[in-house]
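Data block below; observations after.
The values are calculated or read from the model by the stated rules, or taken from the named source; none is laboratory data. Since this is a predicted model, take the numbers as computed values, not measurements. Using ideal geometry, Cβ is built from the backbone for each residue, glycine included, and neighbour counts are taken over all protein chains shown. For accessibility, only protein heavy atoms count, side chains too; no ligands or nucleic acids. Shrake-Rupley method; radii C 1.70, N 1.55, O 1.52, S 1.80 Å.
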Amino acid sequence: MDKNEVKIVIAKRVSKEFKDGDVVNLGIGLPTMVANYLSPDIDVILQSENGFVGLGPAAEAGQEKKYIVNAGGQPVTIKSGGAFFDSAMSFTIIRGGHVDATVLGALQVDQEGNLANWKIPGKMVPGMGGAMDLVVGAKKVIVAMEHTAKGAPKILKKCSLPLTAVQQVDLIITEMGVMEITPQGIVLKEIHPEFTVDDIKAATEADIIVAEDLKPMEI
């Protein structure tokens, strides 16, 4: 898979995690692609951190409106019934426990469910943003990311970068599979057909527990 195919596989699989009525926040980067793959058979309310609900798919070329952008500044659409509001209201929704699931990228995740998704201030890299609020305010935290970074594992025994949150990650979805954080450790629940369990273990520093009912990844 090339880099674009990897992102599509991850976004498509994440889109299957939701049910009717869920309020879902999509983080900057790869997670924003999830809006393009949601099933028309379910009614999911997407909340954008910069201040609206009713987020729709990416705007088509030539149809962009400069005042409708997601938290990453990308042109998007807003569905009928959507609403705009200020940042205070946006974070009231997030901190008040009204978000059913948040999807965000990560630099590192460890087997205790700790998350690191920001780097050192002053460098040309992402800051923490609203992730700290989202991962403790949302009922479910889904990390959507590539399995490795330049060949180096991102799923570790212990995060080495500054933490965004402690023991808040519930699910990790990569191009290789779907992994659940449990009190026993990271359980591999689904595997992409292009990979083997040995491939995943070789690309992962953390210990992997293979589910007895391991299934092909639903894409």
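Can you give the local net charge around SER15? Use residues other than it whose beta-carbon is closer than 13 angstrom to its beta-carbon, Lys and Arg +1, Asp and Glu -1.
+1
Straight distance only, please: which lysines reach the Cα of LYS201 with their own Cα at less than 19 Å, same-chain residues fewer than 8 apart left out?
LYS150, LYS154, LYS157, LYS158, LYS189, LYS215
What is the local net charge at ALA138, summed over the other residues whose Cβ is closer than 13 Å to its Cβ (Lys, Arg +1; Asp, Glu -1)?
-3
Between LYS79 and ALA61, how many nm apart are label points set 7 Å from Cα along the C-beta direction?
Reported label-point gap for LYS79 and ALA61 is 2.7 nm.
Work out the FRET efficiency for VAL136 and ILE42 from their Cβ-Cβ distance, taking R0 = 35 Å, and round it to the nearest 0.05.
Rounded to the nearest 0.05, the efficiency is 0.85.
Summing +1 for each Lys or Arg and -1 for each Asp or Glu, what net charge is found among the other residues whose Cβ lies under 11 Å from the Cβ of LYS158?
Once positives and negatives cancel, what remains is -2.
Could you list the residues of segment 7-34 with an amide nitrogen less than 20 Å from a label point located 7 Å from the Cα of HIS98 in the Cα-to-C-beta direction?
Inside the label zone: 19-27.
Once you put a point 7 Å from the Cα of GLU205 and another 7 Å from the Cα of ASP86, both along the Cβ direction, what distance in nm separates them?
Taking the two extended label points, one gets 4.3 nm.
Could you work out the helix-only [θ] at 222 nm for the chain, with each DSSP H run of four or more residues adding -39,500 (n - 2.57) and the total divided by the number of residues, to the nearest 500 deg cm²/dmol?
Computed mean residue ellipticity for the chain: -4500 deg cm²/dmol.
Can you give me the orientation-averaged projected area of the convex hull built on the Cα atoms of segment 36-195, in nm²?
Averaging across all directions leaves 11.6 nm² for the Cα convex hull.
So what J values fall out for segment 168-183 if you push phi through Karplus, 6.51 cos²θ - 1.76 cosθ + 1.60 with θ = phi - 60°, rounded to Hz, Gly and Pro as x?
10, 6, 9, 9, 10, 10, 10, 5, 8, x, 10, 10, 9, 7, 10, x
Any idea of the accessible area per residue across segment 3-216, 1.4 Å probe, to the nearest Å²?
Using a 1.4 Å probe on heavy atoms only, each residue of segment 3-216 averages 50 Å².
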